[in-house]
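**Q** First, the structure itself, so that you have it in front of you.
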Amino acid sequence: MLKSLVIPAAFLLLAAAPAFAAPGDSPAAATPDRPARANTGIMRYDTNKDGVVDRAEWKAAQEARFKRLDTNNDGKLTEQELFARTPAVGNSVLPSDRQVQRQSTYFQLLDADKDGVVTLAEFMAQADRNFARCDTNKDGKTDANECKQALQRNR
């Protein structure tokens with residue numbers, strides 16, 4: 001039973017890590033020869049440029065992401081829509097068997113009612129869990145460093 005919970009949790013951390021944090025996201029990480037990368041990782045959602053992503057910014061960004069992914073505008077995501085932009089590993093144009101399995105597992109996790117599609121409510125429920133995981137001090141905001149630390153601690 002524990003194994004069935006650990007594997008999806010580990011997958012979520014791996015799947016969410018690029019969306020949450022990348023080294024050098026924080027403006028403080030900038031050096032004269034390397035400018036800040038504020039538009040990558042979680043910091044790309046900092047719309048008011050105050051150095052943190054609050055829950056409202058996160059929610060708005062995830063709703064916009066859902067709309068971008070919903071290419072047929074039916075208010076639901078199929079597995080194909082959700083992963084259409086996922087690059088394949090290496091030089092392959094097709095995802096590896098391992099990628100396909102991870103994507104399927106993740107889709108099944110998102111599809112809470114198991115109807116074969118992910119609604120905005122299901123998508124946002126996972127987005128809320130992702131934000132909560134990175135908001136370690138529960139102050140309603142996070143930044144690249146806080147999120148990176150949270151993801152590393154959960155591994």
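All of the numbers you see were taken from the coordinates with simple rules; none came from a lab. Owing to the predicted nature of the structure, the values given are computational and were not obtained by experimental measurement. Using ideal geometry, Cβ is built from the backbone for each residue, glycine included, and neighbour counts are taken over all protein chains shown.
**Q** Out of the residues in the stretch 125-144 that are surrounded by 16 or more Cβ atoms within 10 Å (Cβ to Cβ) and out of contact with any strand residue (DSSP E or B) (no Cβ under 6 Å at 6 or more places or on another chain), state the one that is nearest to ASP50 (Cα to Cα).
**A** ASP143
**Q** Tell me the residue from PHE123, PHE107 that is of a type outside the set (A, V, I, L, M) and touching a residue at least 60 places away in the same chain (Cβ under 8 Å), please.
**A** PHE123 is the lone residue from the list that is of a type outside the set (A, V, I, L, M) and touching a residue at least 60 places away in the same chain (Cβ under 8 Å).
**Q** Looking at the stretch 70-77, can you tell me whether even one residue there is within 23 Å of ARG44 (Cα to Cα), over 17 Å from the mean Cα position of the chain (by Cα), surrounded by 11 or more Cβ atoms within 10 Å (Cβ to Cβ) and not aromatic (Phe, Trp, Tyr)?
**A** Yes, the stretch 70-77 contains a residue that is within 23 Å of ARG44 (Cα to Cα), over 17 Å from the mean Cα position of the chain (by Cα), surrounded by 11 or more Cβ atoms within 10 Å (Cβ to Cβ) and not aromatic (Phe, Trp, Tyr).
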